[in-house]
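The values are calculated or read from the model by the stated rules, or taken from the named source; none is laboratory data. Since we're looking at a predicted model, the values are computed, not measured. We place every Cβ from the backbone using ideal geometry, glycine too, and count neighbours over all the protein chains shown. In case anyone asks, the SASA skips ligands and DNA or RNA and just uses the protein heavy atoms, side chains included. Shrake-Rupley method; radii C 1.70, N 1.55, O 1.52, S 1.80 Å.
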Amino acid sequence: MYQEISNLIKKEAKRQQEKITLIASENYASQNVRGVLSSVLANKYSEGEPSKRYYQGNEIIDEIENLTNKRALKVFGLKEKDWHVNCKAVSASIANLAVITGLLEPGQKILSMNLTDGGHLSHGWKLPSGKTIALSAKIFTVSYYGVEKNTEIFDYSKILKLAKKYKPNLIISGGTAYAREIDYKKMSAITHKVGAYYLADVAHEAGLIAGKVLNSPFPYADVVTMSTQKTLRGPRGAIIICKDELKEKIDRAIFPALQGGPFNNVIAAIGVCLKETESQEFKKYAKQTLKNAKILASELKKYGFRIVSGGTDKHLLLIDLRNLPTDKKNINGHETAVLLDQAGIVCNKNTVPHETGSPFKPSGIRLGTPACTTRGMKEQEMKQIAKWIKQVLLEKRDTVTVLKEVKQLTKKFKISL
Ligand SMILES: Cc1ncc(COP(=O)(O)O)c(C=O)c1O
């Protein structure tokens with residue numbers, strides 16, 4: 001039984017080692033983080049809050065959860081009297097659902113970012129036909145703001161106008177494929193003008209905010225949610241940080257409303273990854289992740305690819321595949337991602353602003369640099385990756401030959417798996 005799974009894990013480790021991960025939401029967590037995940041902490045039930053549990057035997061678990069919460073406050077420069085941390089949500093999607101259901105009454109209104117412009121499903125997505133996809137869209141009324149057609153960037157004065165007209169109870173910022181920095185101060189001013197709560201979802205950016213290379217949503221947002229496995233480089237999980245006066249609404253929305261016993265092994269592993277963000281190595285990684293994304297974008301542009309919004313401020317970029325400078329113009333995001341994977345470059349298909357395709361055959365791909373930066377790749381390797389992408393997509397170079405070259409490169413950038 002164990003052997004079969006163990007062999008598959010070895011195969012997956014080989015894949016992760018040999019190929020180049022450009023999936024913007026993935027990373028390589030440290031051996032310490034992964035070690036804590038497989039610890040005895042997974043054996044314990046601890047429903048409730050530290051010192052207010054429903055089961056006995058939680059004195060050590062309380063210490064761990066308190067320590068992780070303290071570390072989260074320290075990393076984001078927050079005071080315990082003003083802010084409250086909840087590290088129990090099993091993922092950022094659940095964290096978002098908890099915040100929405102905790103703060104709003106059924107039927108109240110949410111204003112969030114359009115999915116095809118880079119927003120996230122968990123912010124209340126429904127199809128243009130009106131068919132609801134996200135659970136939050138079934139319970140609440142949702143409307144969307146988006147990017148400008150010419151710049152593919154937000155115009156905050158238009159978001160304000162929309163908010164004044166729509167009068168939402170909650171405004172959400174944050175996206176899964178928005179390559180530009182979000183002005184949290186302006187978003188906060190908009191929400192407060194219309195008397196709404198402000199949720200800043202920094203699922204993608206958390207590690208880069210911790211590494212102080214991107215702006216922080218604190219103190220502007222009422223609540224901040226984040227994934228812990230993306231740029232933060234921890235276990236799969238989430239952190240919610242809210243203003244102290246909202247803590248009961250948020251805690252109760254997680255337990256007992258949405259979840260049972262929290263994953264104590266994950267909470268401890270989050271504590272480890274938060275401590276790791278204080279190291280010099282993490283700060284260098286955060287800086288280099290941005291440098292790598294910028295150089296990847298500029299090299300691809302040189303080859304004639306159209307980068308959505310003209311570039312990136314972050315760790316990710318989007319290529320619009322419509323009208324590629326080659327005779328093979330009609331390749332969609334799905335076919336492109338499959339082709340690049342065959343060549344050893346792993347990315348994902350993605351919608352682009354003002355999408356003309358479908359979610360399964362969108363017009364773009366998303367590329368991200370956190371994982372390859374963690375394994376030590378820098379500007380030179382980004383130039384080489386851009387060249388391979390050009391060769392595969394524009395020059396129809398054989399993917400088997402490119403894969404061989406990718407394997408030669410990745411041998412020099414070993415990861416501890
Ligand atoms: C902006 C945003 N929020 C939430 C999520 C959900 O994260 P998770 O996979 O941790 O549920 C994502 C995932 O990519 C995201 O991009």
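So here's what we get for this one:
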read-out	value
Formal net charge of residues neighbouring T132 (Cβ-Cβ distance under 12 Å; K, R +1; D, E -1)	+3
Accessible solvent surface per residue of the chain, calculated while the other protein chains remain in place, 1.4 angstrom probe, Å²	45
Electrostatic dipole magnitude of the chain [Cβ: Lys, Arg +1; Asp, Glu -1; Cα centre; debye, to 20]	1060
Inter-part distance where the stretch 207-245 and the stretch 133-181 are each reduced to a Cα centre, Å	20
Solvent-accessible surface ranking, highest first, for V213, V224 at 1.4 angstrom	V213, V224
Local electrostatic count at I9 - Lys and Arg +1, Asp and Glu -1, tallied over other residues with Cβ under 14 Å	+3
Residues of type aspartates and glutamates that K247 reaches as a straight line, Cα spacing below 14 Å, ignoring anything fewer than 8 places off in the same chain	E49, E80, D82, D222
Within a Gaussian network of the chain (alpha carbon springs, distance under 10 Å), most fluctuating of E281, E335, E26	E281
Label-point separation, Q342 to K361 (7 Å along Cα→Cβ), nm	1.8
Mean Cα-pair separation over length for the stretch 1-124, i.e. relative contact order, pairs under 8 Å, 6 or more apart, %	10
Extension reserve of the Q56-K138 stretch, reckoned as 0.36 nm per residue once the Cα distance is removed	25.7 nm
Normalised per residue, the volume of the convex hull around the Cα set of the chain (Å³)	143
Spatial separation of Cα centroids for the stretch 48-64 and the stretch 379-408, in angstrom	52
The stretch 1-107: Lys pairs at Cα distance under 26 angstrom, eight or more positions apart or on different chains	15
Relative contact order %, the chain, counting alpha carbon pairs below 8 Å whose residues are six or more apart	23
For the stretch 280-410: rounded, prolate or oblate by the Cα gyration tensor [a/c cutoff 1.5]	oblate
Three-way shape label, the stretch 6-162, alpha-carbon gyration tensor, a/c 1.5	oblate
Potential extension, K275-E405 segment - 0.36 nm per residue separation minus Cα distance	43.2 nm
Within the accessible area of the chain (1.4 Å probe), percent carbon and sulfur	54
Overall form of the stretch 1-41 per C-alpha gyration tensor (a/c, 1.5; a/b vs b/c)	oblate
Helix-only CD estimate at 222 nm, as mean residue ellipticity for the chain, using -39500 (n - 2.57) per DSSP H run (n ≥ 4)	-12500 deg cm²/dmol
Positive-pole candidate from I254, T225, N265, dipole of the stretch 217-275, charges at beta carbon	N265
Net charge, A95 excluded, C-beta distance under 11 Å - Lys, Arg +1, Asp, Glu -1	0
Trypsin sites (Lys or Arg not before Pro) within the stretch 37-98: DSSP coil, no more than 14 neighbouring Cβ in 10 Å	K79, K81
Rounded to 5, the percent of DSSP beta bridges in the chain classed as antiparallel	60
For the stretch 6-91, alpha-carbon Rg relative to the globular expectation (2.2 N^0.38 Å, N residues)	1.44
